Amino acid sequence: MKEKQKAIADKFTTLTGICTTYCEPCEMWIVHCPDCLHNWCGGDCGCGFAMLLDKKQAQLDKMLLTLEGEK
């Protein structure tokens, strides 16, 4: 499953330009700020991208949920 999740996360990054990584403590894929590359699971980094990152995290979550529905 993680291989497929990684493929989706990589595709998301390619399509949006927003980097993602898997956060072990949160057990989920997380978007990163395009300015400072701080991961979003730590909260707002202060760069002014909060609304964008909320939307992109939701978009990524939806893509990953689609994968879970295919199990």
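FYI, it's all coordinate maths here, none of it is from the lab. Given the structure is predicted, the values throughout are model-derived calculations rather than measurements. No Cβ is skipped: glycine too gets one built from the backbone with ideal geometry, and neighbour counts run over all protein chains shown.
Could you pull out the residue among Leu15, Leu52, Leu67 that is touching a Pro at 6+ places or on another chain (Cβ under 9 Å) and not small (Gly, Ala, Ser)? Every option except Leu52 fails the conditions.
Can you pull out the residues in the range 1-26 that are farther than 16 Å from Leu67 by Cα and of a type in the set (Asp, Glu)? Step through it out loud before you land on a result.
Here is the first cut: in the range 1-26, the ones farther than 16 Å from Leu67 by Cα are 13-21, 23-26.
Listed by number, the list holds a single entry, Glu24.
Only residues that are surrounded by fewer than 17 Cβ atoms within 10 Å (Cβ to Cβ) and in contact with a strand residue (DSSP E or B) (Cβ under 6 Å, 6 or more places away or on another chain) were counted in the range 25-63, giving 1. Can you find a residue that is of a type outside the set (A, V, I, L, M, F, W, C), assigned to a helix (DSSP H, G or I) and in contact (Cβ under 8 Å) with a residue 24 or more places away in the chain anywhere in the range 40-57? The answer is yes; a qualifying residue exists. If you go through the range 6-39 and pick out every residue that is out of contact with any helix residue (DSSP H, G or I) (no Cβ under 7 Å at 6 or more places or on another chain), over 16 Å from Lys62 (Cα atoms) and either of a type in the set (Asp, Glu) or in a loop (DSSP other than H, G, I, E, B) (or both), you end up with 8.
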